[in-house]
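A quick write-up on the structure given underneath.
The values are calculated or read from the model by the stated rules, or taken from the named source; none is laboratory data. The structure displayed is predicted, hence computed values, not measured ones. So basically every Cβ, Gly included, is an ideal-geometry build from the backbone, and we count neighbours across all protein chains shown.
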Amino acid sequence: MENNLVDAVNKVDQAFLFIFGVSFAILFLITAVTIWFLFRYSKKRNPVPSDIEGNVIAETLWTVIPTILVFAMFWFGWTGYKALREAPADSMIVKVEARMWSWKFIYEDGRTSDKLYVPENTPVKLDMTSVDVIHSFYVPAFRIKMDTVPGMQTYAWFYSGEASQYDILCAEYCGTRHAYMLSKVVVVPKEEFIKWVETGEADSEKPGGLLVLEKHGCLDCHSMDGSEIVGPSFRDMYGRDVTVLENGRELTVKTDGEYLKKAIKDPAAQIVKGYEDMMPPADEMTAEELETVIEFFEGGMVMEKKGAKGAKIAENEGCLGCHSTDGSEIVGPSFKNMIDRKLTAEHMGKKVEVTADIRYIIDSIKNPDDYVVDGYDGGMMPSYDLSDEDMKALIEFFSTLKDE
Ligand code: CUA
């Protein structure tokens, strides 16, 4: 069964490789023959051109061989096409809604997300449409590229395979932010998928307001960092005085909770000066979600839970490959309860007792071999020259790993 499922990708590749191979062979052959003819039939060697009337063998060959090649190309293309179009009957169904400039995935239970979460080793059928213009759902890894068309349903399917992440792109020019209409297919182990369906755990690191903004695709047009995308940035949005246009009249309003709710639900009513009337009203945002978003703005958009930034750094710098966060041993000491742990270490050739206070931890990150903790090998850890800010974030992360 599984072999049939990965077949689509293989068949598309076969068609590509066959056509590419044939084209390359012909290019090579023609070039070689041309060069050979230049010498063999040059004027010097053949002062009198010969007049050839006909050659049955040559004529038959150059008719039959290309015909076979063309039919073979068709056969590879056709089987690949069929494999891409025939979704297995037991496929998990996800609806895809494209809009300028984000993807929305709607699952069988009504859940939505801006990334496509699927369980591993599962055939997934995507029923797709667009709410505005034509986009094209493109996942190179699965060899699928299908237009999404307003007022029409198209589909594609793929076999998710092992847990991993794959890029989703828009392959049909759809306006200013076309190139940024990106997302991911996130293939997770089956148990994790069930957990995600039940609890939304996958995004538990993020505050609720941010999740709502992501879910409804707001961040594709509004930045969080003050930069301009299409609409005004969310940064410092709350509690400002802005000039808006209402029925052609200019007026100044305060961006408080009331104003922001209206701006989200009925964006066309008051357009902030300098921007165009482009935003679709967030009809699908529930009253509860709306409150969460307003709270998020009001609270200064605190982006992450305590320590989340440091956790990201630890992950991105590769620290977690050698240091666990749960007390287990990998290569180096665990980060769990690391702060203020009492250690015996070798320092300048002598055994010393130290306390892993903040100064010690910073020193150990910058000069890992300054103190080599008993039971571990020196010379294993590269030194990291992190900025003060990153160091601070890391320390904060470690402090969240400390039992009270
Ligand atoms: Cu959507 Cu290009």
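So, Trp78, is that one under 47 Å from the mean Cα position of the chain (by Cα) and at pLDDT 90 or above or not? Considered against the rule, which asks whether it is under 47 Å from the mean Cα position of the chain (by Cα) and at pLDDT 90 or above, Trp78 comes out as yes.
Only one of the numbered conditions (1) more than 19 Å from the chain's Cα centre (by Cα); (2) within 16 Å of the ligand (Cβ to nearest atom) is not met by Tyr138, and that is (1). Any residue that is of a type outside the set (S, T, N, Q), under 20 Å from the mean Cα position of the chain (by Cα) and over 24 Å from Glu120 (Cα atoms) - is there at least one of those in the stretch 226-243? Yes, the stretch 226-243 contains a residue that is of a type outside the set (S, T, N, Q), under 20 Å from the mean Cα position of the chain (by Cα) and over 24 Å from Glu120 (Cα atoms). Summed over the stretch 81-114, the residues that are within 16 Å of the ligand (Cβ to nearest atom) and either aliphatic (A, V, I, L, M) or under 16 Å from the mean Cα position of the chain (by Cα) (or both) give a count of 9. A single entry from Ala87, Ala83, Ala98, Ala171 fulfils the requirement of being touching a residue at least 60 places away in the same chain (Cβ under 8 Å), within 30 Å of Ala25 (Cβ to Cβ) and of a type in the set (Gly, Ala, Ser): Ala83.
All conditions in (1) among the acidic types (Asp, Glu); (2) in a strand (DSSP E or B); (3) away from the ligand (no atom under 16 Å from the Cβ) hold for Glu228, with the sole exception of (2). Any idea which residue in the stretch 25-64 is farthest from the chain's Cα centre (by Cα), counting only those that are surrounded by 11 or more Cβ atoms within 10 Å (Cβ to Cβ) and under 27 Å from Phe76 (Cβ atoms)? This residue is Leu61. Step by step: first the residues of the stretch 105-137, then only those that are among the hydrophobic types (A, V, I, L, M, F, W, C) and without any contact (Cβ under 8 Å) to a residue 24 or more places away in the chain, then the one that is farthest from Ala8 (Cα to Cα). Which residue is that? Out of the qualifying residues, it is Ile106. Listed conditions (1) at pLDDT 80 or above; (2) in a helix (DSSP H, G or I) are all met by Asp277, apart from (2).
Within the bounds of the stretch 353-361, is there any residue that is surrounded by fewer than 17 Cβ atoms within 10 Å (Cβ to Cβ), part of a helix (DSSP H, G or I) and free of Cβ contacts under 8 Å to residues at least 60 places away in the same chain? Yes, the stretch 353-361 contains at least one residue that is surrounded by fewer than 17 Cβ atoms within 10 Å (Cβ to Cβ), part of a helix (DSSP H, G or I) and free of Cβ contacts under 8 Å to residues at least 60 places away in the same chain. In the stretch 148-188, of all residues being among the acidic types (Asp, Glu) and more than 10 Å from the ligand (Cβ to nearest atom), the one that is surrounded by the most Cβ atoms within 10 Å (Cβ to Cβ) corresponds to Asp167. For the stretch 181-213, filtered to residues that are in contact with a helix residue (DSSP H, G or I) (Cβ under 7 Å, 6 or more places away or on another chain) and under 30 Å from Met278 (Cβ atoms), the residue that is modelled with the lowest pLDDT is Asp203. Within the stretch 227-266, restricting attention to residues that are in contact with a Phe, Trp or Tyr (Cβ under 9 Å, 6 or more places away or on another chain) and aromatic (Phe, Trp, Tyr), the residue that is surrounded by the fewest Cβ atoms within 10 Å (Cβ to Cβ) is Tyr238. Does at least one position in the stretch 286-307 carry a residue that is free of Cβ contacts under 8 Å to residues at least 24 places away in the same chain and in contact with a Cys (Cβ under 7 Å, 6 or more places away or on another chain)? Scanning the stretch 286-307, I find no residue that is free of Cβ contacts under 8 Å to residues at least 24 places away in the same chain and in contact with a Cys (Cβ under 7 Å, 6 or more places away or on another chain), so the answer is no.
Applying the condition of being assigned to a loop (DSSP other than H, G, I, E, B) and modelled with pLDDT of 85 or more to the stretch 235-257 and asking which residue is nearest to Glu276 (Cα to Cα) yields Thr255. Residues in the stretch 313-352 that are surrounded by 16 or more Cβ atoms within 10 Å (Cβ to Cβ) and of a type in the set (D, E, K, R): Lys336, Arg341, Glu346.
When the stretch 97-127 is limited to residues that are in contact with an Asp or Glu (Cβ under 7 Å, 6 or more places away or on another chain) and under 22 Å from Ala171 (Cα atoms), the one that is surrounded by the fewest Cβ atoms within 10 Å (Cβ to Cβ) turns out to be Ile106.
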